[in-house]
1. Look at Ile66 and say whether it is surrounded by fewer than 13 Cβ atoms within 10 Å (Cβ to Cβ), free of Cβ contacts under 8 Å to residues at least 24 places away in the same chain, hydrophobic (A, V, I, L, M, F, W, C) and not in a loop (DSSP other than H, G, I, E, B).
2. Of all residues in region 1-30, which are within 23 Å of Ile68 (Cβ to Cβ), in contact (Cβ under 8 Å) with a residue 40 or more places away in the chain and among the aliphatic types (A, V, I, L, M)?
3. In this structure, is Thr144 among the polar types (S, T, N, Q), under 13 Å from Ile91 (Cα atoms) and modelled with pLDDT of 90 or more?
4. Which of the residues that make up region 33-63 are touching a helix residue (DSSP H, G or I) at 6+ places or on another chain (Cβ under 6 Å) and within 17 Å of Leu21 (Cα to Cα)?
5. Could you list, in sequence order, the residues of region 1-40 that are touching a Gly at 6+ places or on another chain (Cβ under 9 Å) and more than 17 Å from Gly62 (Cβ to Cβ)?
6. Being assigned to a helix (DSSP H, G or I), loosely packed, with under 15 Cβ neighbours inside 10 Å and not hydrophobic (A, V, I, L, M, F, W, C) narrows it down to one of Ser40, Ser17, so name that one.
7. Among the residues of region 105-150, which ones are touching an Asp or Glu at 6+ places or on another chain (Cβ under 7 Å) and outside any loop (DSSP other than H, G, I, E, B)?
8. Looking only at region 107-121, count how many residues are in contact (Cβ under 8 Å) with a residue 12 or more places away in the chain and loosely packed, with under 12 Cβ neighbours inside 10 Å.
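The values are calculated or read from the model by the stated rules, or taken from the named source; none is laboratory data. Worth saying up front: this structure is predicted, and the values here are computed from it rather than measured. In this analysis, Cβ positions are derived from the backbone assuming ideal geometry, glycine residues included, and neighbour counts consider all displayed protein chains.
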Amino acid sequence: MIDALQIWQIWFIAGISLLTLETLIPGFVLAGVGISCLISALASYFGLGPGIQGLILFSGSGLFFITIRPLALKFLYPSKPENQTNAAALIGKTAMVMEMIDPKMKLGRVSTGGSYWIGISSDNTIIEADTLVEIVAISGATLTVKRKDL
């Protein structure tokens, strides 16, 4: 006949269950409570009372959410400029001047990725056609560019 589960075994099962659920539910939430349950299982196994076990659970979970979770989320879900989309993704890319950029005449067109844009010079200088430029800013349908250093 199977004996009743001991308290430390219940803590252990709860901890393993929460860690397993963490793999199915993103966000790094259940892992902290699961780890705290495992530490509480150790406390119960070594004979510490339920008050200490509860204190370990709550303080361990709180400590996890204050310290470890923010660091883990920073590395698991980083916000990178590479994730930019649409026009913002063009900043830093190379373009070709199709029509001379002349700040005085307010003329100039550049091409990048098969699209044609109005182009202006970042330093208000003339940039001749067929020159490679780097996109430094976007405002509406206008690209601000600078000569590409070769």
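1. yes
2. Selection gives Val29 alone.
3. yes
4. Val33, Gly34, Ser36, Cys37, Leu38, Ser61 - these are the residues of region 33-63 that are touching a helix residue (DSSP H, G or I) at 6+ places or on another chain (Cβ under 6 Å) and within 17 Å of Leu21 (Cα to Cα).
5. Of everything in region 1-40, those that are touching a Gly at 6+ places or on another chain (Cβ under 9 Å) and more than 17 Å from Gly62 (Cβ to Cβ) turn out to be Ala14, Ile16, Ser17, Leu19, Thr20, Leu21, Glu22.
6. Just a single option satisfies the conditions, and that option is Ser17.
7. Matches in region 105-150: Leu107, Gly108, Arg109, Val145, Lys146.
8. Within region 107-121, the subset in contact (Cβ under 8 Å) with a residue 12 or more places away in the chain is 108-113, 116-121.
Narrowing further to those that are loosely packed, with under 12 Cβ neighbours inside 10 Å: 113.
Of the residues in that region, 1 qualify.
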